[in-house]
1. Relative to the present Cα-Cα distance, how much length would full extension add between residue 307 and residue 38 at 0.36 nm per residue of separation?
2. What does the charge dipole of segment 131-299 about its Cα centre add up to, to the nearest 20 debye, if the Cβ of each Lys and Arg holds +1 and the Cβ of each Asp and Glu holds -1?
3. Along the Cα→Cβ direction, 7 angstrom out, place labels at residue 241 and residue 59. What is the inter-label distance in nm?
4. Tell me, in nm to one decimal, what length is gained between residue 288 and residue 357 on full extension, where the rule is 0.36 nm per residue of separation less the Cα-Cα distance?
5. Residues of the chain: accessible area per residue at 1.4 Å, in Å²?
6. Rg and Dmax of the chain over Cα atoms: what are they, in angstrom?
7. Find, among the trypsin sites (Lys or Arg not before Pro) in segment 304-372, those assigned to loop by DSSP (not H, G, I, E, B) with at most 16 other beta-carbon atoms within 10 angstrom.
8. Relative contact order for the chain: what percent, with Cα pairs under 8 Å and sequence separation of 6 or more?
Amino acid sequence: MLIGCPKEIKPQEFRVGLTPAAAGEVIARGHSVIVETNAGIGAGFTDEDYAAIGATVLDTAEEVFAKADMIVKVKEPQAVERKMLREGQLLFTYLHLAPDPEQTKDLLDSGCTAIAYETVTDRSGGLPLLAPMSEVAGRLAPQVGSWTLQKANGGRGVLMGGVPGVGPAKVVVIGGGVVGTHAAKIAAGMGADVTVLDRSLPRLRYLDDVFGGTFKNQYSTAAATAELITTADMVIGAVLIPGAAAPKLISRDQLSTMKPGAVLVDVAIDQGGCFETSKATTHADPIYDVDGIMHYCVANMPGAVARTSTIALGNATMPFMLALAGKGWKQACADDEHLLNGLNVHAGKLTYAAVGEALGLDYISGADALKI
Ligand SMILES: NC(=O)C1=CN([C@@H]2O[C@H](COP(=O)(O)OP(=O)(O)OC[C@H]3O[C@@H](n4cnc5c(N)ncnc54)[C@H](O)[C@@H]3O)[C@@H](O)[C@H]2O)C=CC1
Ligand SMILES: CC(=O)C(=O)O
Ligand SMILES: [Mg+2]
């Protein structure tokens, strides 16, 4: 199979879909790799690194899209990239379709087959291709949130760990999955007073067993959230209903109950955001103010630490990419129900229920898509 990796074009996105190490693994199995020039440069990988393992470096994204059987990326294809996708071509990347009707329409119109990293599952009910980036975004959230809390950036002017004689910042994390756990660990490590809310009791039991002495946990209800946000300096939104649009857990009216200059970090923004007042921002202009509450809503947070993120993502995607290249997508998905769960679009049909429900579009099952 000919695997193509274009340079990412989303603003300030420095990750790359294929590391030289991963490219080397597919080439060793008899496949070919084409990479757009400078695709890896933001993550510290040069064209020479790719050429050295036998990949071909091409001058333009157009050439990569025109030639490749499978396109491997990081972020959802941007409008100009969607125009280059074609019928029968395989796209393997993050998609986040539920809050994105335009992208969904373009992918359906293209006739391509699109497998979304964020809905591939594993045997334990986890999301193995979302997890590495959730680990990164979770660990970044208190870092960017504490920067936003600084007075010059519009925040309350509160130091996460306080100092002797002055108490620490209060941090509330809504959603105690991968993002939430990593965010809570780092915030607690910075000395903040941290409470994690989740509505999964097994998850709360796990958090209590493992992190009981490090941060608090509480069952997530509207009432618990309403009470905790009145004293919070920072709220980190980290909920997920896989594939679906994020539920709105803090309304605009509730902002007036919060402390002026408190910070909302909405990591769930890539699924539409879990605060009513969230709108996606970029690394170039990451924060904004609504009613005196600072919002940070960058939808590709891991792009800020592109080298760590690229290597972590590549470690997770590689086995699936090898299966797709080796068997073709149909056989690979027929053999692995967890990879099949990643299928969102095939031959003009939506194949993921939560996306169809979020956008009011018809959908078919992944199993039915295998028959087309
Ligand atoms: N902005 C960015 O750059 C990035 C965003 N993300 C996003 O972060 C979000 C979280 O991802 P993960 O932690 O990997 O998901 P996860 O599935 O590991 O955890 C989500 C948690 O939310 C909980 N939850 C669901 N509804 C809830 C509610 N109403 N109240 C409290 N908890 C609730 C679930 O029980 C689960 O424990 C996703 O939307 C993901 O796409 C992930 C990586 C990067
Ligand atoms: C998960 C995701 O969308 C990202 O890493 O950008
Ligand atoms: Mg994202």
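1. 95.4 nm
2. That gives segment 131-299 a dipole magnitude of about 180 debye.
3. My value for the distance between the label points is 5.0 nm.
4. Separation in residues times 0.36 nm, less the Cα-Cα distance, equals 21.8 nm.
5. That works out to 40 Å² for each residue.
6. Spelled out, the Cα radius of gyration and Dmax of the chain are 21.0, 67 Å.
7. 371
8. 18 percent
The values are calculated or read from the model by the stated rules, or taken from the named source; none is laboratory data. Because the structure is a prediction, the values reported are computed rather than measured. Counting neighbours? That spans all protein chains shown, and the Cβs are built from the backbone with ideal geometry, glycine included. Ligands, DNA and RNA are stripped out before the accessible areas are found, and what is left, the full protein with its side chains, is counted by its heavy atoms. Shrake-Rupley method; radii C 1.70, N 1.55, O 1.52, S 1.80 Å.
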